[in-house]
Amino acid sequence: MPPDGTPVGSLGEFGLIDRLRAILGSPDDAGLQRRLVKGISDDAAVLLPVPDRLQLISTDSYAEGIHFDLTYTSPHHLGWKVMAASLSDIAAMAGRPDFATVALCIPQKATVELISRLYEGVAAACREYSVAVVGGDTTASSGGLIIGVTVTGSAGKDRVVYRSGAQPGDLLCVSGHLGASHAGLKILLREKARFAGSDPGTPFIPDLARYTSALEKHFMPRPRFDIAGFFSERIRVHAMIDISDGLASEIHHICSESGVGAALYERSIPVDLVTQHIAGEFSESPLLYALYGGDEYELLFTISDTEYEKLENLTEDVSVIGRMTEADKGIVYVRENGETEPLAGRGWDHFRAPGPGPDR
C-alpha cells in the first residue's frame with residue numbers, strides 16, 4: 001500500500017461503492033425497512049410514502065476549500081457534519097427525517113481510507129438520527145472533494161412550519177447558544193497559521209485542548225430534533241429556520257418571507273463563556289460571532305406568548321431574543337442602552353464577499 005493510503009482507482013468505482021455500502025449497513029438498522037421497497041443497487045430508490053404526512057426534501061452541496069478544509073478536518077467529522085447539516089433543514093420544518101442519498105466527486109489525491117472514514121462519519125450521523133442512505137453517485141473530480149447530500153423526511157399536514165408565518169407581536173426565539181462554531185473555526189485557522197509558520201524540524205502541537213466545546217460545535221453540529229419534536233406534536237410556532245448562515249441573515253429571511261419587521265435585543269443573545277473567551281483572545285466581539293458566524297444549526301423561530309409559556313415547561317434550552325413587529329418598523333438591533341440601529345443582514349454569500357460579520 002502506498003504510504004499515503006490506497007488509491008481509489010485500485011478498487012474501481014463499483015468496488016468503492018460496495019465498500020461504502022458495507023459501511024452504511026442495512027436500512028433496517030434505522031427501522032425503515034418497511035418503507036424501503038428498493039435501495040442501493042438499482043437506478044433509483046423505491047420508497048413507500050407516509051400516509052397523511054407531507055414529504056420534505058432538501059439538497060445541499062459541500063465543496064473542499066469553500067465549506068471544509070481537510071488540513072484540520074478529519075474525514076469522520078466531515079461525514080458527520082455534512083449529514084447533520086443537511087438533516088437540520090428537516091428539523092427546521094418541524095419534520096422527522098428518514099432517507100438520504102450521498103453523491104461524491106472524488107479528486108485523484110483522495111484515498112480509499114479517506115473516503116471510508118468519511119462514510120463512517122455519515123453512517124454515525126445516520127444511526128444517531130435514524131436515517132437510511134438509499135443511494136447516491138460517485139464520480140471523479142478534477143479539483144477538490146465535493147459532497148452532495150439529499151435528505152428526505154415528513155411532517156404532519158397541519159404541523160409543518162415555514163419561514164413565512166411570522167406575525168407582528170410574536171416572540172423571536174432561538175435554541176441553544178450562538179457563536180461557538182465560528183469561535184471554533186477561529187481557533188482552527190489560528191493553529192493552521194501557527195503550523196505553517198513553525199519549524200519543519202520541530203514537532204508541532206496545536207493548542208486545542210482548552211476549546212473542546214467550540215470545536216465540537218464546529219465539527220459535530222447536532223440538528224435540533226429535540227426542540228423541533230415539540231413543534232411537531234405539542235407547541236404551535238408560526239415561522240422557523242435553522243441558523244446556517246448567521247443569526248442576522250436568518251432573521252432577515254424570516255422577515256422577508258413573512259412580510260414583517262423585527263427587533264433583536266442585544267442583551268438577550270445567548271453566547272456561552274467559551275465563545276466569549278475565544279472572542280476575547282482575538283480582541284473581537286462575541287456578539288459579532290453570534291450575529292454573523294454560520295454553521296450553528298440551531299433553530300430560530302417565532303411564537304405567540306401563550307405558546308411560549310407552554311414551551312418553557314418543556315425545555316430550558318430556548319431564549320427569547322426579540323419581538324416581531326410591523327414591516328414598516330424595519331429590522332432593528334436594540335442595544336443594551338436602548339439605542340436602535342438597522343440590523344445588517346448579510347451573512348455568508350457564496351457569490352460575493354462576506355458582509356460586516358467575521359469571515360467564514
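Please treat every number below as a calculation from the coordinates, not as lab data. Everything numeric in this text was worked out from a predicted model, so none of it was measured. Cβ: placed from backbone, ideal geometry, glycine included. Neighbour counts: every protein chain shown.
Springs join every pair of Cα atoms under 10 Å in this Gaussian network model of the chain, and among G201, G259, G136 the largest mean-square fluctuation is at G201. Among the trypsin sites (Lys or Arg not before Pro) within the stretch 106-152, those in coil by DSSP and having at most 15 neighbouring Cβ atoms inside 10 Å are K109. Taken one residue at a time, the phi angles of the stretch 242-248 give Karplus couplings (6.51, -1.76, 1.60, θ = phi - 60°) of 8, 8, 9, 10, x, 4, 4 Hz. Gly and Pro are set to x. Annotation for I205 and D42: the two label points, set 7 Å from Cα along the Cα-Cβ direction, are 5.6 nm apart. Shown here for the stretch 230-310: GluC sites (Glu not before Pro) in loop regions (DSSP other than H, G, I, E, B) with at most 15 other Cβ atoms within 10 Å, namely E284. Shape annotation for the stretch 8-156: C-alpha extents along the principal axes are 47, 29, 23 Å, from largest to smallest. The ranking of I17, I331, I303, I205 by Cβ neighbour count inside 10 Å, starting from the fewest, reads I205, I17, I331, I303.
DSSP loop chymotrypsin sites (Phe, Trp or Tyr not before Pro) in the stretch 181-249 with at most 15 other Cβ atoms within 10 Å of their Cβ, which ones?
Sites meeting the loop and neighbour criteria: F204.
Length gained on full extension, Q108 to I66: 13.3 nm, using 0.36 nm per residue less the C-alpha separation.
Extending 7 Å from Cα along the Cβ direction at K310 and again at S26 yields two label points whose distance is 4.0 nm. The per residue volume of the convex hull around the alpha-carbon atoms of the stretch 130-253 is 204 Å³.
Could you work out [θ]222 nm for the chain from helices alone, using -39500 (n - 2.57) per DSSP H run of at least four and dividing by all its residues? Round to the nearest 500 deg cm²/dmol.
So the helix-based figure for the chain works out to -10000 deg cm²/dmol.
Note on the chain: GNM, Cα springs under 10 Å; of V37, V271, V332, the largest mean-square fluctuation is that of V37.
Order these by the 10 Å Cβ neighbour count, fewest first: K186, K329.
Listing K186, K329 from fewest to most nearby Cβ atoms yields K329, K186.
Projected over all directions and averaged, the alpha-carbon convex hull of the chain occupies 20.0 nm². Our estimate of slack between N337 and F14, defined as 0.36 nm per intervening residue step minus the Cα-Cα distance, is 110.0 nm. Do the alpha carbons of any pairs in K217/K329; K81/K109; K81/K329; K157/K310 sit beyond 28 Å of each other, and which pairs? In this structure, K217/K329; K81/K329 exceed 28 Å between Cα atoms.
For the stretch 41-111, the percent of C-alpha pairs falling in each 5 Å distance bin, counted from 0 to the bin holding the largest distance, reads 3, 11, 22, 20, 17, 14, 8, 4, 1, 0. Between the C-alpha center of the stretch 246-303 and that of the stretch 94-122 there is a gap of 30 Å.
What is the log10 of I(q)/I(0) for the stretch 163-342, computed with the Debye formula using one identical point scatterer on each Cα and no solvent, at q = 0.08, 0.11, 0.13 Å⁻¹? Cα-only, vacuum Debye calculation for the stretch 163-342: -0.29, -0.51, -0.67.
Relative to the current alpha-carbon distance between R267 and D317, full extension at 0.36 nm per residue lengthens the span by 16.3 nm.
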